[in-house]
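The values are calculated or read from the model by the stated rules, or taken from the named source; none is laboratory data. As the structure is a prediction and not an experimental result, all values here were calculated from the model. Neighbour counts are summed over all protein chains in view; Cβ atoms, including those assigned to glycine, are modelled from backbone coordinates with ideal geometry. Just the protein is used for accessible areas: all its heavy atoms, side chains included, with ligands, DNA and RNA removed. Shrake-Rupley method; radii C 1.70, N 1.55, O 1.52, S 1.80 Å.
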Amino acid sequence: MAVASTSTLNNTSTSNSNNDELETLTKLILAQAVAQVGSTNWNHVHNLINQNTSIDAHRAYTPEDWAKTYQHLLNIEGWSLAKTALPKARTSRKLAHKYYKLHLEELVKKIAKSWAEEDSLRLSITSILSGSHDSQILASVPAELRHEVVLHPPPSPPPADNGDDEDDDGEGEEIKPLLMRDRDRERDRESTAGESEMGGDEEEGGRKRKGKSAASSSKTRKSKRKSPEAAESPPASRKRIKTEDLTEEEAAKLEKAEKDEKATALRFKRAILQLLDTLQQEKHAHQFNNPVSKKDAASYYDAVKRPMCITDVIRRVKNGATVTSQEVMRDAAVIFANAVQFNGVNEEVGVNAREIWGKFEELMTLHMSTEFMQ
């Protein structure tokens, strides 16, 4: 697709034609950028869009091009540009949400198409292997070479089993199913690790080193398991680059990038906490706000392996253990899946869980549609 220049976009009819040809993903990224920073500074919008690697075909667009393109998208809906001036304006969020849904629909169609193509290829392969196309295949081979073509060679005899697995050296491994092979290798690694931990005295540098006892090894392994508190600890901050190794320009860029990263994280935290606060105001949400009491359900913690409540999700967002929308969705899904699993899909709590989950999905879809795609 040809990239429109500023002079081309000055022509209204040509501009509209080119705008109509833009991919939905490009329109979504433009709408998300305006939803993030507003429509008063198109240089800012332009720089934000250029951070995305999905729209290389439109690198030649100028801030003026994006402004005219966005105005065209608003004209289609009959909306005013003035209502998109501020960040997170309702109009800009609605436009981003529209193209977010369209993009998802396109992805679903592409996935369905790829599945259909895969099924078609599988049927073709099965047909070829059955010999249905032997005549066509032979016809495509030069006559002088047809005697060399073997379409269905006899199967190779299985290797003889001499009962000695230790000296096998991997022979015949190719006929093992992949999952069995992975399982066997994992078992071998665990066995080797166990032998090295529980082995007897070893010579090391002229000194004897005593191997660990079984009890000691078990205790060590248990201590390595993450506690719930450790699992919720925020991710380690990335290693800082020594500024003395950078030029002034590089140091300034690094400082700006770190500030932008912190600002993005803060915006995400505020938006999600506000969203969860809205969810807590929903009818029946109080049933999922706090951990289940053993008084109310003595067997709950035997049946549910990963308890979770809305308060837990809020705490994880606040302390930085949850830093993406996908992680928030995952944690919330656990809450309502637990409720349905323990109470039953048709019981009151199960029905309420599905209702609150539906509301949560609506809120998250709206949030994610305006969350700028990097």
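Name the residues in the range 281-319 that are assigned to a helix (DSSP H, G or I), open to solvent by 50 Å² or more (accessible area, probe 1.4 Å) and within 14 Å of ASN343 (Cα to Cα), would you?
Listed by number, the residues that qualify are GLN287, TYR301, ASP302.
For the range 351-374, which residues satisfy the criterion of being among the hydroxyl-bearing types (Ser, Thr, Tyr) and open to solvent by less than 40 Å² (accessible area, probe 1.4 Å)?
Selection gives SER369, THR370.
Show the residue pairs that are 6+ apart or on different chains and have beta-carbon atoms under 6 Å apart, the first residue being within the range 61-72 and open to solvent by 20 Å² or more (accessible area, probe 1.4 Å), the second being aromatic (Phe, Trp, Tyr).
Partner pairs satisfying both residue conditions: PRO63/TRP42; ALA67/TRP42.
Examine the range 336-350 for a residue that is modelled with pLDDT of 90 or more, more than 18 Å from ALA297 (Cα to Cα) and surrounded by 15 or more Cβ atoms within 10 Å (Cβ to Cβ), and state whether such a residue exists.
no
If you check LYS83, LYS94, LYS101, which single one turns out to be in contact (Cβ under 8 Å) with a residue 40 or more places away in the chain, within 30 Å of ASN41 (Cα to Cα) and among the basic types (Lys, Arg)?
LYS101
Which residues, counting only those in the range 320-333, are within 15 Å of GLU361 (Cβ to Cβ) and open to solvent by less than 50 Å² (accessible area, probe 1.4 Å)?
Listed by number, the residues that qualify are SER325, VAL328, MET329, ASP331, ALA332, ALA333.
Mind listing just one residue for me: the one in the range 45-67 that is modelled with pLDDT under 90 and of a type in the set (A, V, I, L, M) and, of those, farthest from HIS103 (Cα to Cα)?
ALA60
Among ASN338, ASN319, which is over 22 Å from the mean Cα position of the chain (by Cα) and either of a type outside the set (Ser, Thr, Tyr) or closer than 19 Å to THR264 by Cα (or both)?
From the options ASN338, ASN319, the qualifying one is ASN338.
Please specify each residue of the range 110-124 satisfying the condition of being open to solvent by less than 70 Å² (accessible area, probe 1.4 Å) and under 27 Å from the mean Cα position of the chain (by Cα).
The answer is ALA112, SER114, ALA116.
Need pairs with beta-carbon distance below 9 Å; first residue in contact (Cβ under 8 Å) with a residue 12 or more places away in the chain and within the range 345-367, second charged (D, E, K, R) and surrounded by 15 or more Cβ atoms within 10 Å (Cβ to Cβ); sequence gap 6+ or separate chains.
GLU355/GLU282; ILE356/GLU282; LYS359/GLU282; PHE360/GLU282; LEU366/ARG93
Quick one: what pairs do we get from the range 247-271, first residue in contact (Cβ under 8 Å) with a residue 12 or more places away in the chain, second open to solvent by 100 Å² or more (accessible area, probe 1.4 Å) and among the acidic types (Asp, Glu), C-beta under 6 Å, 6+ apart or different chains?
No pair meets every condition.
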